[in-house]
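The values are calculated or read from the model by the stated rules, or taken from the named source; none is laboratory data. All values derive from a computational prediction rather than experimental measurement. Ideal geometry is used to build each Cβ from the backbone, glycine not excepted, and the neighbour counts take in all protein chains shown. Quick note on the areas: whole protein, heavy atoms, side chains included, nothing else; ligands and nucleic acids left out. Shrake-Rupley method; radii C 1.70, N 1.55, O 1.52, S 1.80 Å.
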Amino acid sequence: MFLKFRNIFFIVLTLSIVFNGLVNSTSFRSGKNIHKNNNNNNNNNNNNNNNNNNNNNNNNNNIKINNNNNKDTLSSGSSSDINPFISQYNSERSTLVNQENQIKLGSNTPFNSKEQQANTIFLNILQNEELSFSNNDPSAVNFFIEKQIIESESTIFQIIQKMPKGSALHVHQDSSATYDYLITVGSYLPNCYIYLTNDANSPNINNNGTFHFYESQPSDGNWKLLSSLRESVSNVEAFDQQLLDSLTLIGEDYGDYITLWRKFDGIFGRVSGLVTYLPIATGYMQHLFQQMIQDGVQHIEVRKCFGNFYDINGKIYDDYWFVQTMEQLVITTRQQYNMTEFGFKIIGCNARHSNQSVVYDAMVTSLDLRNKYPSTFVGYDLVGPEDEGYPLIYFLDQFAEIKKLGYQYQYPLDFFFHAGETILYNNTNLYDAILLNTKRIGHGVQLPQHPLLMDLVLKNDIGIEICPISNQILQYVSDMRAHPGFDLLNRGLPVTISPDDPAIFNYGGLTYDFFEVTYSWGLNLQQLKQLAMNSINHSNFFNQSEYNLLYNAWEVKWFNFIDYIINTYSNI
């Protein structure tokens, strides 16, 4: 029965094809013109797609292959041999590919012929490198393992080092620049002590490895004067390296997610006595500015947790002192590097496990700082592990009060919430961050799980601060190629790239994070350009002039970067 039905079906199908051939005989006679028009359409699509990413180029190559096959068919037979199904298929395929590409990051980014020339060079180098690494793809392994490989073997890494990156929008002040400064400079200052104990039952065991400055020896004998310890060791360089290693997660495997976060948070406690010591505080921020500028960053926005600074006499300096000091440091830095466009902003924050009264008081202080220093202090955030701290909705009453209080000020308090940095699927912070009109979303790892929220982020132009290396090391993503940020990027959401806590991960600047997304997501120069532009467009500026100054300076640097690629790598 089935065979009989199948035979009838093929007879009907054959008659249908013959009938259509007779009706459309004019189309068959002009088959060469159809093919020519189809090629023109495909060529137009290919020209449009030249500005898209490497994956798009592959799609275009497939279209060209199909067209070449069609040419071979036509040239070897009569004009009536053309298959209208293939012609229609190729046309629809080109349209589909083009429509999807128009959604993706970089599809509408201005890109001239010189940039296209540099992009061809860049993609050739990228493809050859990826093939040479083969199964040892750096983006597939932990950053701590691949870091040395990246530095020693990757030309793409060297190119990205030269790239002007715009703004670093998500970096925590006390882990923003490499900690070598704290050890080689800070810990050599007089009266630097370190807490050391071998007693696992000591009530102060959590202080182990903590640094602090005291005018004289504390009563607790576990506080050891660092200068004396250095005198007692045979290899001071190795001793200092041990101190530095204790302030990073590199080379360690802390097992489960919770234990890892305990170790991670513990580092902030150990460095606190260094980064808040007055003679070091300003120097550490100078160290940050220098590292970022040398790495092609023109603008920095740090999360600064509320807390005091101190001097050797025990005098306390509050966050007002810090903001004032940073404003002066920015002026000095602009002069030192001849960078009038250089910008620095502060987002105040608290740990998300803080109680409601602490958060409210901090927001009141933030509102005051926002209005006293509007060109520097820009907003508020809650930080720390979302899966353990309070959710945003826990502080809803406090947010409502601060919103009401903000009407009395010239500048209301803006929010820049961490949200979606979680391994749990019942985390609700993304809902509340968006409803509370956050200006940007920190991390947003779980955002692809929420299709409606993604639409709102796109509609409201909420910047997304993706921190690739941090997300991997803190176990939100194991393989960079599967990072959710790629999905957000392909949906056209305003993704930006940031380093989060680079000091603890033993690097500085933004190059490593840009390298990771370039390698793992197959990005081209047009998309990298858009990522940098996204960071500028979602930065905080006091006025339009500040934006224009930064963008225009970045654009000059960008085209110098394009010239660098062409002049340096054309013959490779």
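Between the amide H of VAL383 and those of ASN350, ALA351, ARG352, distances stay under 5 Å, these residues lying 5 or more places away or on another chain, with hydrogens modeled in the peptide plane.
Which whole-number value in Å² is the accessible area per residue of the stretch 265-334, probe 1.4 Å? Averaged over the residues of the stretch 265-334, the accessible area is 35 Å². Each residue of the stretch 333-344 is assigned a 3J(HN,Hα), and the resulting list reads 5, 4, 5, 4, 9, 6, 10, 5, 7, 4, x, 8 Hz, derived from the Karplus form 6.51 cos²θ - 1.76 cosθ + 1.60 (θ = phi - 60°), x at Gly and Pro. When the pairs LYS147/LYS315; LYS263/LYS304; LYS104/LYS403; LYS162/LYS372; LYS372/LYS439; LYS147/LYS439 are compared against a 30 Å limit on Cα-Cα distance, LYS147/LYS315; LYS104/LYS403; LYS162/LYS372; LYS147/LYS439 fall above it. Heavy-atom accessible area for LYS403, with the other protein chains in place and a 1.4 Å probe, reaches approximately 120 Å².
Note that the stretch 438-452 has calculated 3J(HN,Hα) couplings of 4, 6, 9, 10, x, 6, x, 4, 8, 4, x, 6, 10, x, 5 Hz, one per residue in order, obtained from phi through the Karplus relation 6.51 cos²θ - 1.76 cosθ + 1.60 (θ = phi - 60°); glycine and proline are x. Size check on the stretch 347-483: the Cα extents along the three principal axes, sorted descending, read 47, 31, 25 Å. Using a/c under 1.5 as the rounded threshold, could you call the stretch 257-314 rounded, prolate or oblate? The axes a ≥ b ≥ c are square roots of the C-alpha gyration tensor eigenvalues, and prolate needs a/b larger than b/c, oblate otherwise. Oblate, since a/c reaches 1.5 and b/c is not below a/b. Once the chain from TYR337 to SER202 is taken as fully extended at 0.36 nm per residue, the excess over their C-alpha distance is 43.7 nm. Plainly put, the stretch 485-535 has a radius of gyration that is 0.97 times its Kirkwood radius, both from alpha-carbon atoms, as the Rg/Rh ratio.
Here the dipole of the stretch 340-487 is about 360 debye; that uses its Cα centre as origin and unit charges on the Cβ of Lys and Arg (positive) and Asp and Glu (negative). Per-residue surface analysis assigns TYR188 an accessible area of about 110 Å², computed on protein heavy atoms at 1.4 Å probe radius.
Near the amide H of VAL477, within less than 5 Å, lie the amide hydrogens of GLN472, all on another chain or at least 5 residues away, with H placed in the peptide plane.
Using the reciprocal of the averaged 1/r over all distinct C-alpha pairs, how large is the Kirkwood radius of the stretch 129-207 in Å?
This gives a value of 17.2 Å.
Rounded to the nearest 10 square angstrom, THR332 shows an accessible area of 70 square angstrom against a 1.4 Å probe. Phi angles across the stretch 137-153 convert, under the Karplus curve 6.51 cos²θ - 1.76 cosθ + 1.60 with θ = phi - 60°, into 3J(HN,Hα) values of 3, x, 6, 8, 10, 5, 4, 4, 7, 8, 3, 5, 5, 4, 5, 9, 10 Hz, Gly and Pro given as x.
Computed over all pairs of different Cα atoms, the Kirkwood value for the hydrodynamic radius of the stretch 435-572 is 16.3 Å. If you wrap the stretch 185-341 in the convex hull of its Cα atoms and look at it from every side, the mean projected area works out to 11.8 nm².
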